1. Calculate the translational D of segment 362-468 in whole µm² s⁻¹ from Stokes-Einstein, where the hydrodynamic radius comes from the Kirkwood formula applied to all Cα pairs, the temperature is 25 °C and the viscosity 0.890 mPa s.
2. For the pair residue 189/residue 118, report the inter-label distance in nm, with labels modelled 7 Å from Cα in the Cβ direction.
3. Please go through segment 180-268 and write out the trypsin sites (Lys or Arg not before Pro) that DSSP classes as loop and that have at most 14 other C-beta atoms within 10 Å.
4. Run lengths n ≥ 4 of DSSP H only: what is the helix-derived mean residue ellipticity at 222 nm for the chain, with -39500 (n - 2.57) per run over all residues, to the nearest 500?
5. Provide the percentage of antiparallel DSSP beta bridges, counting only those with both residues in the chain; round to the nearest 5.
6. With N denoting the number of residues in segment 270-336, provide Rg(C-alpha) divided by 2.2 N^0.38 Å, to two decimal places.
7. Quick check: residue separation of residue 232 and residue 180 times 0.36 nm, minus the Cα distance between them. What number comes out in nm?
8. Computed from the mean reciprocal separation of all distinct C-alpha pairs, what Kirkwood hydrodynamic radius does segment 207-325 have, in Å?
Amino acid sequence: MNVTTIKKRGQIRGRAVDPSALAEVRELLGEEPRRRDLLIEHLHRIQDRFHCLPAAHLVALAEEMRLATTEVYEVATFYHHFDVVKEGEGSPPALTVRVCDSITCELFGARELIAGLEERLGEGVRVQHVPCVGRCQAAPVAVVGQNPLEAATVERVEDAVIAGEIEAPLPACIRYAEYRREAGYETLVACAEGRREREAIVKILEDSKLRGLGGAGFPAGRKWRILRDQPKPRLVAINIDEGEPGTFKDRHYLERDPHRFLEGMLIATWAIEAEAVYIYLRDEYAGCRRMLAQEIDALTQDPPCPLPPLHLRRGAGAYICGEESAMIESIEGKRGMPRLRPPYVAEVGLFGRPTLEHNLETLYWVRDIIERGPEWFASEGRRGRQGLRSYSVSGRVQKPGVHLCPAGISMRELIDEYCGGMLPGHEFYGYFPGGASGGILPASLGDLPLDFDTLIPHGCFIGSAAIIVLSDHDRARDAALNALRFFEDESCGQCTPCRVGTAKAVKLMERDTWDTALLEELARAMEDASICGLGQAAPNPLRCAIKYFPEEFV
């Protein structure tokens with residue numbers, strides 16, 4: 001028999017608010033607005049203070065923000081970096097050591113590092129294996145608190161834990177005053193003072209052949225023109241979430257010359273006459289976040305010209321937020337789930353307004369293109385391609401890192417001319433041309449142009465130019481399995497083909513013998529029916545492993 005309990009009038013429904021928790025939440029939030037779009041920022045404040053999100057404080061936050069408790073819980077439990085503690089559960093250890101186990105770090109011993117740390121570190125430290133943290137050039141990487149340790153060893157991590165070295169260092173970048181001394185922001189001032197025309201600037205971007213360097217490759221000048229045709233008010237959203245395994249070029253430029261990016265961003269804002277800018281930075285870049293906040297403050301305290309409002313927003317560990325509409329949902333304080341399109345974000349974007357979305361590197365080149373002329377950029381390139389490309393190179397090469405090269409360079413040329421060749425004792429075997437989602441190609445296809453559109457006939461794409469080099473010491477099937485495990489972990493769960501398909505693919509790929517026919521059937525369903533690029537591109541590594549590395553399946 002079903003029994004329904006009827007609450008009396010005046011009886012409290014749901015969870016009661018703990019007065020002490022409410023007082024602590026109010027103290028943490030201070031004078032900050034209680035707007036819905038700041039929910040994730042407020043969750044970070046609680047997480048930073050208590051190293052977790054206690055249930056009582058989530059209920060208190062819901063009360064303070066006038067939200068349903070379920071709204072707060074669904075956001076808090078969506079993001080990997082929030083530790084939600086349910087009622088009756090104990091809090092996690094105060095210190096967490098995160099070890100990247102994505103493709104490159106796995107190649108360089110992440111599994112052994114994790115095992116060693118679990119054995120050596122005490123009960124007061126939690127060891128977690130996590131997806132790519134954006135430092136693949138120095139694998140394996142461990143993050144002690146917020147302090148990233150490159151080329152990490154058990155001893156180095158243990159020493160950092162004992163010494164309490166848990167804060168990320170500030171990058172040694174070009175600061176605001178130095179940037180201004182070197183003619184920084186003069187192009188922006190010329191725009192703001194009317195010495196440059198908006199139409200002329202858009203035309204320069206179009207003539208330069210600059211394409212979006214976050215992965216999609218959409219022509220930047222055309223995107224600006226589309227936004228200029230949209231009704232006001234307009235917004236700008238900058239995506240620095242680069243969570244694709246193997247990608248770290250945005251961090252590279254941000255750590256060195258943040259104002260070159262900021263000036264390009266502000267020129268774009270002026271060109272499309274946007275009223276505000278939102279910068280979305282991945283949570284793993286803690287040192288960059290502190291530095292960028294300082295530099296934005298210096299810029300706004302002594303502006304070279306009138307500036308729009310600049311909002312710096314903090315991600316919370318969700319690869320899916322690299323997708324533009326998922327990032328917009330996250331900026332609005334929601335779960336980072338991709339939107340169905342159309343409408344596109346250029347039409348209905350952030351807060352329902354037309355939104356110009358770019359990644360950091362695209363805007364990094366704007367000032368140079370305007371000052372040097374569009375021909376400077378467009379004249380670069382090989383094999384009929386145009387422009388410059390920043391390749392994040394990791395894996396079995398002697399000089400991993402960000403290499404600025406002509407568009408259309410081949411993998412063999414990149415290795416020989418920029419990366420110092422393969423590591424001693426390693427022979428070139430294969431490569432990911434565009435991170436985990438870009439597929440895997442064999443060394444026999446190492447002469448293909450590395451650029452947008454050129455790899456599609458081979459079942460791959462360049463994406464954000466995240467190059468991971470494999471040698472004869474590696475197996476493509478192992479690398480493909482690592483990639484699918486990543487996609488399984490990072491699927492937002494919104495659509496069944498992706499949520500279930502990635503999990504099923506991992507199970508099938510963990511077997512000694514792959515059922516290639518069944519995997520292809522599964523891959524086709526994911527590609528055809530997934531809502532966003534995660535599920536659509538996730539099958540690329542397994543398909544390529546089967547197609548190009550048949551010797552591994554004999």
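1. It comes out at roughly 173 µm²/s.
2. Simple spin-label model gives 5.8 nm for this pair.
3. Values: sites: 180, 181, 195, 196, 198, 203, 209, 211, 222, 223, 225, 228, 234, 249, 251, 256, 260; in loops: 195, 196, 209, 234.
Hits after loop and neighbour filter: 195.
4. On the way: 23 runs with 221 residues, N = 554.
Using -39500 (n - 2.57) per qualifying helix, the result is -11500 deg cm²/dmol.
5. 45
6. So the Cα radius of gyration is 1.23 times the expected 2.2 N^0.38 Å.
7. 15.6 nm
8. With all distinct Cα pairs of segment 207-325 included, I get 15.2 Å.
The values are calculated or read from the model by the stated rules, or taken from the named source; none is laboratory data. As the structure is a computational prediction, the values presented were derived from the model and not from experiment. Because the Cβ atoms are built from the backbone with ideal geometry, glycine has one as well, and the counts that use them run over all protein chains shown. Accessible surface is based on the protein model in full, side chains and every heavy atom, while ligands, DNA and RNA are left aside. Shrake-Rupley method; radii C 1.70, N 1.55, O 1.52, S 1.80 Å.
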